[in-house]
1. Taking N as the number of residues in region A:111-211, what is its alpha-carbon radius of gyration divided by 2.2 N^0.38 Å?
2. Pick from B:Ala119, B:Ala107, B:Ala44 the residue whose mean-square fluctuation is largest in a GNM of chain B, springs joining Cα atoms under 10 Å.
3. So if we plug the beta-carbon distance of B:Arg105 and B:Ala185 into 1/(1 + (r/R0)^6) with R0 = 35 Å, what FRET efficiency do we get, rounded to 0.05?
4. Given chain A, what whole percent of its Cα pairs are spread farther than 25 Å?
5. Quick one: pull the percent of accessible area on the protein assembly as shown belonging to carbon and sulfur, 1.4 Å probe, ligands and nucleic acids left out.
6. What are the ³J(HN,Hα) couplings of region A:45-59, residue after residue, when phi is run through the Karplus curve with 6.51, -1.76, 1.60 and θ = phi - 60°? Round to Hz, x for glycine and proline.
7. Would you mind giving the mean number of other chain beta-carbons within 10 Å of the Cβ of each residue in A:68-81, as a whole number?
8. With r defined as the distance between the Cβ atoms of B:Ala211 and A:Glu72 and R0 fixed at 45 Å, what FRET efficiency is calculated, to the nearest 0.05?
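The values are calculated or read from the model by the stated rules, or taken from the named source; none is laboratory data. In this text the structure is predicted, and so the values were computed from the model without any measurement. Backbone-built Cβ (ideal geometry, glycine too); neighbour counts: all protein chains shown. Side chains included, ligands, DNA and RNA excluded: accessible areas come from the protein's heavy atoms. Shrake-Rupley method; radii C 1.70, N 1.55, O 1.52, S 1.80 Å.
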2 protein chains.
Amino acid sequence: MADSDKLSDLPLRALLDRLASSDPVPGGGSAAALAGAMGAALVAMVAELTIGRSEYTEHDPTLRDLRAAALERQQLLLSLAEEDASAYQAVVAARRMRKETEPQREARAAALRTAMIGAARVPLHTANVAAEVLELASQIAPIGNRNAVSDAGVAAQLAGAALRGALLNVRINLPYLPIEEPLRASAPAELIRLEAVADERERAALAAVDARLLPS
Amino acid sequence: MADSDKLSDLPLRALLDRLASSDPVPGGGSAAALAGAMGAALVAMVAELTIGRSEYTEHDPTLRDLRAAALERQQLLLSLAEEDASAYQAVVAARRMRKETEPQREARAAALRTAMIGAARVPLHTANVAAEVLELASQIAPIGNRNAVSDAGVAAQLAGAALRGALLNVRINLPYLPIEEPLRASAPAELIRLEAVADERERAALAAVDARLLPS
């Protein structure tokens, strides 16, 4: 991926073509972050569609806070999609380093270890922000405009997929981290914690959505 | 949303801002379809990163088929994201029709019923295509390039979220369909079937991914 191509400036169709291409960047880590950004945007939309409506005035202050928090996560997850692409680009570049002589092999291995730290840390950050979006979705689902309650549900599903997808990206890179990298020891428990958070918050959000959908 | 603004031409940042805005279009139905399109693109990428590699030559014909099928679904889901926005735009337009006189109220109700049929059919189509992407992800997860196995997993998670998100969009619109609309009778069983498909295929894909991730 050329440095000049910021993901956020790419038209959607071009982004999808880029994802689908043989270039490994952007890959699943960026796609997960973008799904989370869409989830955050939907939380903000539900807040927008509720604030100022007479039936929901008692929740106005909460909804304003939820909107601000969601917009912040939307921007952050878009940045994390870019960072994931950069971090993985560094892995690809290290893998392509020459490995004919012993010094070359050592330099390549060192570059790869350093790059792998970024490639694991960025999706862990993405997972934590996606967990926050799930929390926002579970807070807005019971109080947001009922005509948009499905949007709160989609927000939760996208944030859940973003969180779990980011965790897969942490897991695939962990075995390549240097032994002394603290993340290598701390990550397994963190992954288990985040998976439990994903399950619990997504279930809470979707139960609130279910309760407010009319029977067909 | 202005007619000239095709979602596929929007830069990613603008698309997210549009999703987050108080304009209800595009909404969760389009976001779900886009998540499915990203999932399809990732299946195509995993195929691209595997075809022609010596360790995987036995799977080359299958991988070429999977790539072609994934690229087709990617385009289709991008179109469905547009169609969902148009279909919901028609609902919004009908809701804004005048309702001061009895003839106006009748015309508005008729327009709303017609618009709701589209708003339910489009996400049902999205759910069916997302189910196909899940199938492609579960097929590529055991045979694709092991360095990209997390991408196959993210593909499954995004397609699963797309499918379930699309179903929420069908469900919220069903109660508003005309009594004589066949979808109203057929949809509940179809929703149950598609939810079971989502669970089964996502589980199969993620089990294959798990089995191929190195222990950390």
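1. Dividing the Cα Rg of region A:111-211 by 2.2 N^0.38 Å gives 1.25.
2. B:Ala107
3. 0.85
4. Looking at chain A, the distances longer than 25 Å represent 45 percent of pairs.
5. Working: 9080 of 17390 Å².
Carbon-and-sulfur percentage of accessible area, whole number: 52.
6. With coefficients 6.51, -1.76 and 1.60, one gets 5, 4, 4, 4, 7, 10, 4, x, 8, 4, 5, 10, 4, 4, 9 Hz.
7. Numbers: counts 0, 0, 1, 3, 0, 0, 5, 3, 0, 1, 3, 0, 0, 1.
So the per-residue partner count for this stretch is 1.
8. Efficiency, rounded to the nearest 0.05: 0.75.
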